[in-house]
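Asker: Take this structure first; my questions come after.
The values are calculated or read from the model by the stated rules, or taken from the named source; none is laboratory data. As the structure is a computational prediction, the values presented were derived from the model and not from experiment. Cβ sites come from the backbone with ideal geometry, for glycine too, and all protein chains shown count toward neighbours.
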Amino acid sequence: MRGIVKLFASLREATGSSEVEWELTDGATVETLMKYLQKRFPGLDRLSVNAWIAVNRHYAALDTPLQDGDEVALFPPVSGG
């Protein structure tokens, strides 16, 4: 199955792209995708640990199953006042 990951802020900078295509086997979860991305883009490992994750515009946990055509968005944690 295939899909798109949209990356924002420092995550986008770490990959050099605002969108990345992914291809995983059936039964993959968000956690599977995160490991795939961290292996493909070594700079993501430290940045994506606390990332907010959305699948098809709904916040998602690591155990959320993925489907063919899903759009996953990764947002770095935000702080400020």
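Asker: Evaluate segment 62-70: report whether one residue or more is free of Cβ contacts under 8 Å to residues at least 60 places away in the same chain and of a type in the set (A, V, I, L, M, F, W, C).
Answerer: yes
Asker: Take I4 and decide whether it is at pLDDT 95 or above, assigned to a strand (DSSP E or B) and in contact with an Asp or Glu (Cβ under 7 Å, 6 or more places away or on another chain).
Answerer: Values: at pLDDT 95 or above: yes; assigned to a strand (DSSP E or B): yes; in contact with an Asp or Glu (Cβ under 7 Å, 6 or more places away or on another chain): yes.
Against the criterion (at pLDDT 95 or above, assigned to a strand (DSSP E or B) and in contact with an Asp or Glu (Cβ under 7 Å, 6 or more places away or on another chain)), I4 qualifies.
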